[in-house]
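S.K.: Dropping the structure in here first, questions after.
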Amino acid sequence: MSKITTFLTYDKRAEEAVNHYVSIFKNSKIGKKTYYAKNMPLPEGTVMTIEFELEGQPYVALNGDEHFKFSDGVSLAISVDTQEEVDRLTEKLIEGGGEEGQCGWVKDRFGLSWQVTPKILIDLIGDKDKAKAQKALDAMMMMKRINIPELKRAVGL
């Protein structure tokens, strides 16, 4: 296990969330599970934690209780190359009740925020040509799902 692992606490749907995420990302797997024992916050035998990896990045999901909620202050960023990846990942992440936000942000049905970010977007908004970078930033601010062809048009590519 990595020295630093992202720990995600869900209300009571950690296993459902992990199964959903692992189905989306190719290089992913589920690892060790632990279970609640008697006299614990959730019923005996309920999954307590699940170790998993998404694209080689380690995570642990915990089944907590209703008072655990995600906030927009934390998100998982996904770096992608193509519009097909943007579209596929966005659709999969919002599947079952999630929603698209501005600038490539997505909230999944479990309340976790994601950023589906094409690499070209980062390159364009960080361009040394400040006018080009501003055009890219202005275009991005008008988008929900990032549209690579529109970004390219906005900066004259």
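S.K.: Considering only DSSP beta bridges with both partners in the chain, what is the antiparallel share in %, to the nearest 5?
M.R.: Within the chain, antiparallel bridges account for around 60 percent of the total.
S.K.: Oh, and also: As an exercise, take the mean of 1/r over every pair of distinct alpha carbons in the stretch 75-155, invert it, and state the Kirkwood radius in angstroms.
M.R.: Averaging 1/r across every pair of different Cα atoms and inverting gives 12.7 Å.
S.K.: Still on this structure: Report, for the stretch 6-63, the % of DSSP beta bridges that are antiparallel, rounded to 5.
M.R.: 70 percent
S.K.: Another question, then. Among 74, 80, what is the fewest-to-most ranking by other Cβ atoms within 10 Å?
M.R.: Fewest-to-most Cβ neighbours within 10 Å comes out as 74, 80.
S.K.: Something else: Could you tell me which residue out of 74, 36, 157 lies farthest along the dipole of the chain toward its positive end? Charges go on the beta carbon: Lys and Arg +1, Asp and Glu -1, centred on the Cα centre.
M.R.: It is 157, whose Cα lies furthest towards the positive end.
S.K.: Separate question: With n ≥ 4 as the cut-off for DSSP H runs, can you work out [θ] at 222 nm for the chain, using -39500 (n - 2.57) per run divided by the number of residues, rounded to the nearest 500?
M.R.: Taking each H run of at least 4 residues, the total per residue is -9500 deg cm²/dmol.
S.K.: Summing +1 for each Lys or Arg and -1 for each Asp or Glu, what net charge is found among the other residues whose Cβ lies under 15 Å from the Cβ of residue 62?
M.R.: Value of the local net charge: -1.
S.K.: Tabulate in residue order the Karplus-calculated ³J(HN,Hα) for the stretch 105-121, using 6.51 cos²θ - 1.76 cosθ + 1.60 with θ = phi - 60°, rounded to whole Hz; enter x for Gly and Pro.
M.R.: 7, 9, 10, 7, 5, 9, x, 7, 8, 10, 10, 9, 10, x, 4, 4, 4
S.K.: On a straight-distance basis, which lysines could pair with residue 69 in a cross-link, Cα separation under 28 angstrom, same-chain partners fewer than 8 positions away excluded?
M.R.: Partners found: 3, 12, 26, 29, 32, 33, 38, 92, 107, 144.
S.K.: Could you work out the local net charge near residue 141, counting Lys and Arg as +1, Asp and Glu as -1, over the other residues with Cβ closer than 14 Å to its Cβ?
M.R.: +1
S.K.: Between (i) 37, 36, 29; (ii) 105, 43, 24; (iii) 63, 28, 24, which matches Cα extents along the principal axes in Å calculated for the structure shown?
M.R.: Among (i) 37, 36, 29; (ii) 105, 43, 24; (iii) 63, 28, 24, the one derived from this structure is (iii).
Bear in mind these aren't lab numbers, they're just calculated from the coordinates by the rules spelled out. Computed from a predicted model, the values in this text were never measured in an experiment. Here the Cβ is made from the backbone with ideal geometry for all residues, glycine too, and neighbour counts use every protein chain on show.
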